[in-house]
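Peer 1: Starting off with a structure, shown below.
The values are calculated or read from the model by the stated rules, or taken from the named source; none is laboratory data. It should be emphasised that the depicted structure is a prediction, and the values quoted were computed from it without experimental measurement. Glycine gets a Cβ as well: all are built from the backbone with ideal geometry, and neighbour counts include every protein chain shown.
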Amino acid sequence: MKKNLGLIIVLGVIALAVFWVIGFYNSTITLSEEVDNGWAQVETQYQRRFDLIPNLVNAVKGSMEQEQEIFGMIAEARTRYAGATTVDEKVGAATQVEQGLGRLLLVMENYPNLKSIDTVQNLMTQLEGTENRISVERKRFNDKVKVFNVKIKRFPANMLAGMFGFEIRNFFEAVEGSDVAPTVDLSTE
């Protein structure tokens, strides 16, 4: 009888361990998918931004022929983003787009006649809304990455995480230098 009780206890412990491993794996897969979905939402907002940018650029291009450098910078960043394969590459390209947009908006401040064009105003409003959406989705993405990373870093889950191929995910972080406001010199020397 003692042998049977000992065997039942051992089998019970093994069963609990198996259920815990299955639970860990399934919940970590769910979190991983939430991180991927969060990044997809960020990319959706980037795509909205990329769809608006050419319209804005075309609306102001005729009045700002001397600003071709900015238009080229934005176009190059869009192309770089389209060719990016990793989250880090996409973050870098998105930051380059943001820098170009910042310069474009700064230059537009110096062209009061552009502000009165309804098309430009409408596109600017849509772009501002999109930038807000991007900010919200980035925060949500980072929140999901945090939950995922904490789960796979905690003991004893950290031992299983490596066995199942779960790796730390990168947060969305601004590229170095993006905190410096662009300068635009419109002086004609």
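Peer 1: Can you find, within the stretch 115-130, the residue that is nearest to the chain's Cα centre (by Cα) among those that are β-branched (Val, Ile, Thr) and either surrounded by 19 or more Cβ atoms within 10 Å (Cβ to Cβ) or at pLDDT below 75 (or both)? Full working, then the answer.
Peer 2: The initial filter retains those residues of the stretch 115-130 that are β-branched (Val, Ile, Thr), namely 117, 119-120, 125, 130.
Checking which are either surrounded by 19 or more Cβ atoms within 10 Å (Cβ to Cβ) or at pLDDT below 75 (or both) leaves us with 117, 119-120, 130.
Details: ILE117: 32, THR119: 28, VAL120: 27, THR130: 13 Å.
Residue satisfying both the conditions and the ranking: THR130.
Residue by residue, here is whether (1) touching a strand residue (DSSP E or B) at 6+ places or on another chain (Cβ under 7 Å); (2) surrounded by 19 or more Cβ atoms within 10 Å (Cβ to Cβ); (3) at pLDDT 75 or above; (4) farther than 18 Å from GLN126 by Cα holds:
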position: LEU7; (1), (2), (3), (4): no, no, yes, yes
position: ALA15; (1), (2), (3), (4): no, no, yes, yes
position: TYR25; (1), (2), (3), (4): no, no, yes, yes
position: VAL35; (1), (2), (3), (4): no, yes, yes, yes
position: VAL42; (1), (2), (3), (4): no, yes, yes, no
position: LEU56; (1), (2), (3), (4): no, yes, no, no
position: GLU67; (1), (2), (3), (4): no, yes, no, yes
position: ILE70; (1), (2), (3), (4): no, yes, no, yes
position: ALA94; (1), (2), (3), (4): no, yes, yes, no
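Peer 1: Only residues that are in contact (Cβ under 8 Å) with a residue 40 or more places away in the chain and in a loop (DSSP other than H, G, I, E, B): list them for the stretch 129-169, please.
Peer 2: Matches in the stretch 129-169: PHE164, PHE166, ARG169.
Peer 1: What do you reckon, is PHE172 at pLDDT 85 or above, touching a helix residue (DSSP H, G or I) at 6+ places or on another chain (Cβ under 6 Å) and part of a loop (DSSP other than H, G, I, E, B)?
Peer 2: Values: at pLDDT 85 or above: no; touching a helix residue (DSSP H, G or I) at 6+ places or on another chain (Cβ under 6 Å): yes; part of a loop (DSSP other than H, G, I, E, B): yes.
When the stated conditions are applied, PHE172 does not pass them.
Peer 1: Here is a further query. Can you work out which of the residues in the stretch 6-52 that are among the polar types (S, T, N, Q) and either out of contact with any helix residue (DSSP H, G or I) (no Cβ under 7 Å at 6 or more places or on another chain) or without any contact (Cβ under 8 Å) to a residue 24 or more places away in the chain (or both) is farthest from LYS153 (Cα to Cα)?
Peer 2: Residue satisfying both the conditions and the ranking: GLN47.
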